[in-house]
Structure formats: structure tokens, C-alpha cells
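Accompanying notes for the structure given below.
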Amino acid sequence: MRVPGLIISVVAAGLAGSAFAAGFNFNNIDLGRVVDMGQKLATATAEVPEDREIEIGRGMAAALLGATPLVRDDGVQRYVNRIGMWIAGRTERAGLPWHFGVLDTETVNAFAAPGGYVFVTRGLLRIAGSESDLAGVLSHEIGHVLRRHHLEAIRKQALQGLAIDLVGEAVSRSAHFDATPFIQVGMQIYARGLDRDDEFEADGIGVVLAARGGYEPYGLPRLLLTINQLKPGAADLVLLNATHPPTMERLARLEKLMAGKFEIYEHNPTVAERYLRATRSLPP
């Protein structure tokens, strides 16, 4: 299917707001201690081994679920997990304990946490049109995990002196690892978003992983196009738009990346009918 404009010429897709962010106490701050703790946290983040990365991600995922529960539909959850596991199993980090879930909110968004935790929202599933669209956005989030984008964002935020009121002393003790400071700063990342370059990199990884998984690779651009066509000021898009680069800029970059390289995969299946069957039970 071809649609004029951008990748649009080839085609016809994060995270949450202040409810997900741990609050910090800015009263009576010892600025010297803040800088010191930020440096310790940054150093510790750069050296986080995989088992601790998983622990941090588990805590961040628990915080997300504490704010927004999973959709109570086992069929939909199994379906999304099956697709996510298929794609993740074809990456260089296939051995992570990957988990995928659908959050029960009409907000259009998707989230990843270190160590293999990936969520999409019910609102996002509603606007996706096929399994390849879903595979594209799951692949994007998997890309964040592969590149450890959230851990790097935590390190950068700590170096900027924003890691305030953390239980930071535990970070510097090798005998005991306390994931709490990392989780607290990580939740702030969901509120403000990752770096633009991280999002662009995840887009590029997303189309590659989708094609590697056997899907028609234009699902992510198609979903981004769908998002761009929605009412810009809609409440369901506020957080997505605040934490991601403009969709048309993402599409333009994907067009440049994909030009002349993915046509061979254009006829990979979109499995639209299977997607519609699997998601029709979602609550209104």
C-alpha cells in the first residue's frame, strides 16, 4: 500500500504524566549533597549490571502499574505478549525476562522500563489498524531497552544535579544495592520524556526489528501517521506529544532512513484481520 508524502509515500506508531512521577522534597536542600549524590548515582548507573538493570526496571514497571492497572482481558494480554516475545527473541538481548502488557487507559502512549518491561495503552491499541502497526510500536519500545536509554537518561539527570532527596548513600555501597534512587529518577524520566535522539534511534530500531520478525515494516510509520491525523489538542495525546518529538519529524527521519532499503519487505504480512479479532474484546 502506498500513500503520498514522506513515508507516507510508502505507507497509506512513553511516558506518562505527573501521576507516574515520584515527588521530591525541595525544602532544606543541601546543594553540596545534591551534587555529590547526583555524581554517585550517575557513576553507579553507568556500571549497573544486567541483574540490577532488571531490578530497576521491575520497580519502574510496578510504579506504572500502581498508577494505571492492566486491562482485565487475558486474551488481549496473551496476544500482545506473544508478539512482543517473538520480536524480542530475535534481538541481541533475547535472554532478558521480557514482559509485555496493555495498560487500561485511553491515553495513546507506550512505555518501556529497563530490563525488558514494555507496555502499550488501550488507547493506542484502538487506533492501530493491524498487527504490524502493533509490532512496530513494540519494536520501538524494545529498542529503548536494547540501548539502555532509560538508564542513560537517569545518569544524565543525576549529573545535572536533579537527583534530589534520594536515598543515595546505598548506591555507593557495593555490598548492598538499593534500586530506589534509580526508580525515583526513572519515574521523572516518564514525565519529561527521553532525549529526542533516543526516540529517533528507537524508531530506526523499531522498523528493523519489525522486518526481522517477519512483519511488513511500515507499521510504525503508519501508526505515526494515524496519530498525526488525530486532533492535536486531544487530551489522550497530551502526554505523548509532550514527551516525544513531533510525529512529522519522526516520519521525515524514517523516510530518509528507510528509502530504498525496505521495499523488499513491503509484502510481509500485516495480519490486520488477526489483530482485529484479538482486540475486539477491549472494553469501550
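Only the coordinates and a few stated rules stand behind these numbers; no lab work does. Quick caveat, the model's predicted, so the values are computed rather than measured. When we count neighbours, we look across all protein chains shown, and the Cβ atoms used for this are built from the backbone with ideal geometry, even at glycine.
In square nanometres, what is one fourth of the surface area of the convex hull spanned by the alpha carbons of the stretch 179-284?
Averaged projected area of the stretch 179-284's Cα convex hull equals 9.1 nm².
Order these peptides, 106-119, 57-70, by their mean beta-carbon neighbour count within 10 angstrom, highest first.
Packing proxy ranking, top to bottom: 106-119, 57-70.
Roughly how far apart, in whole Å, are the Cα centres of the stretch 93-149 and the stretch 237-284?
A separation of 12 Å, based on Cα centres.
Please compute the contact order of the stretch 176-271 in relative form: average sequence separation of alpha-carbon pairs under 8 Å and at least six residues apart, divided by the residue count, as a percent.
41
Which residue, PHE262, HIS244, SER281, has the largest displacement toward the positive end of the dipole of the stretch 226-284 when charges sit on each Cβ (Lys, Arg +1; Asp, Glu -1)?
SER281
Take peptides 184-197, 265-278 and line them up by average Cβ neighbours within 10 Å, highest first, as a rough protection proxy.
Ranking, from highest mean packing down: 184-197, 265-278.
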